[in-house]
Amino acid sequence: RITSGKLPEAHVGLIDECFKGSSSILNALLGIANERVFHNDGVVACPLITLVGCSNELPSDDENLEALFDRFLFRAWVDYLADGGNIRLLMALGSATSVPATMTIADLEWCGTAAENVAVSDAIFDVLLAVKRKAESQGFRASDRRWRAIVGYLRAWAFVQGDADVTDEHVVDVLPDCLWREPKDRAAISAIVSSIANPSAARATEILDAAKRAVKDLGEPTTKDANERAEW
């Protein structure tokens with residue numbers, strides 16, 4: 001197979017509609033995404049650092065699709081643009097233009113090495129284990145592969161934030177987008193993570209949500225008189 005200029009030789013890859021490939025493509029992607037190898041009349045090492053997948057739909061129960069989905073550690077649900085300014089900017093854009101890189105591959109590799117030196121304390125491992133147990137008790141189960149990769153992601157996130165140690169705040173930032181299988185589950189998982197990693201913030205969120213519901217239930221004043229509206 002010709003691989004020159006293609007994914008097996010890329011440092012950063014983007015797969016559009018990543019769950020619509022044939023079985024042979026999906027099998028190749030599994031090896032590249034997880035083991036960083038490509039089978040091409042022998043095992044070829046791939047220099048891949050980051051792989052991004054985009055899809056307009058979540059995978060079905062197909063075993064190969066689920067396996068590929070599991071290899072994308074960070075998952076973000078991106079909705080349609082809602083802000084008028086952003087929509088206007090989108091419509092005003094001309095043809096795509098090339099943007100110069102601001103980091104070299106050497107820079108990126110150096111960051112990866114530096115992130116490996118970020119410390120993860122026993123207390124953080126205890127938090128992760130407690131989150132895992134509570135999430136699973138509520139039906140949210142993630143693979144062992146994901147839990148192993150999450151530790152590396154936490155180190156990288158702490159490094160990007162300029163911290164030498166992984167903290168509870170990093171756990172709250174990272175875990176919800178690593179553990180959901182369906183977008184609707186993210187809020188529940190976020191609540192689980194906060195209740196363990198940052199219980200004070202979790203309680204504050206509960207109070208704020210209750211206040212928002214109370215204001216919504218209160219409705220709007222019916223009078224148009226300014227003084228009466230102020231009193232209301």
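The values are calculated or read from the model by the stated rules, or taken from the named source; none is laboratory data. Please read all numbers here as calculations on a predicted model, not as lab measurements. Cβ sites come from the backbone with ideal geometry, for glycine too, and all protein chains shown count toward neighbours. Note: areas computed on protein heavy atoms with side chains; ligands, DNA, RNA excluded. Shrake-Rupley method; radii C 1.70, N 1.55, O 1.52, S 1.80 Å.
Below is a table of values for the structure above.
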{"read-out": "Cβ-derived FRET efficiency at R0 41 Å, ILE105 paired with SER137, nearest 0.05", "value": "0.45"}
{"read-out": "Simple spin-label estimate for ASN40 and LEU14 in nanometres, 7 Å along Cα-Cβ", "value": "2.2 nm"}
{"read-out": "Exposure rank, largest accessible area first [ARG146, ARG203; 1.4 Å]", "value": "ARG203, ARG146"}
{"read-out": "Solvent-accessible area, 1.4 Å probe, carbon plus sulfur percent, for the chain", "value": "54 percent"}
{"read-out": "Residue-wise HN-Hα coupling along the stretch 53-60, computed from phi with Karplus coefficients 6.51, -1.76, 1.60 (Hz; x: Gly, Pro)", "value": "x, 10, 7, 8, 8, 7, x, 7"}
{"read-out": "Length released on extending from ARG1 to ILE49, taking residue separation times 0.36 nm less the Cα-Cα span", "value": "15.1 nm"}
{"read-out": "Accessible surface, 1.4 Å probe, highest first, among residues TRP232, TRP180", "value": "TRP232, TRP180"}
{"read-out": "Integer Hz, Karplus 6.51/-1.76/1.60 couplings in order for the stretch 34-48, x for Gly and Pro", "value": "9, 9, 6, 9, 10, 8, 9, 6, x, 8, 10, 6, 9, x, 3"}
{"read-out": "Most mobile listed residue (ASN40, ASN27, ASN117) in the chain, GNM with C-alpha springs under 10 Å", "value": "ASN40"}
{"read-out": "For the stretch 164-232 and the stretch 1-42, distance of Cα centres in Å", "value": "40 Å"}
{"read-out": "Gaussian network model of the chain, springs between alpha carbon atoms under 10 Å - residue of ILE87, ILE207, ILE124 with greatest fluctuation", "value": "ILE87"}
{"read-out": "Check: the stretch 57-214 dipole with +1 on Lys, Arg Cβ and -1 on Asp, Glu Cβ, in debye", "value": "380 debye"}
{"read-out": "Kirkwood Rh, Cα atoms: Rg over Rh of the stretch 1-155", "value": "1.00"}
{"read-out": "Under-5 Å amide H pairs with CYS46, H placed in peptide plane, nonlocal only", "value": "VAL37, PHE38"}
{"read-out": "5 Å binning of all Cα-Cα separations within the stretch 139-232, expressed as whole percents from 0 upward", "value": "2, 12, 15, 16, 16, 10, 7, 6, 6, 5, 4, 2, 0"}
{"read-out": "Amide proton proximity set for ILE15, modelled H, under 5 Å, gap of 5+", "value": "VAL52, GLY53, CYS54"}
{"read-out": "Helix-only CD estimate at 222 nm, as mean residue ellipticity for the chain, using -39500 (n - 2.57) per DSSP H run (n ≥ 4)", "value": "-15500 deg cm²/dmol"}
{"read-out": "Neighbour cut-off at most 10 other Cβ (10 Å), DSSP loop, GluC sites (Glu not before Pro), the stretch 6-113", "value": "GLU57"}
{"read-out": "Sites SER24 and TRP77 - FRET efficiency at Förster radius 30 Å, r taken between beta-carbons, to 0.05", "value": "0.55"}
{"read-out": "Calculated FRET efficiency for the pair ALA226/ASN56, C-beta based, R₀ 45 Å, to 0.05", "value": "0.40"}
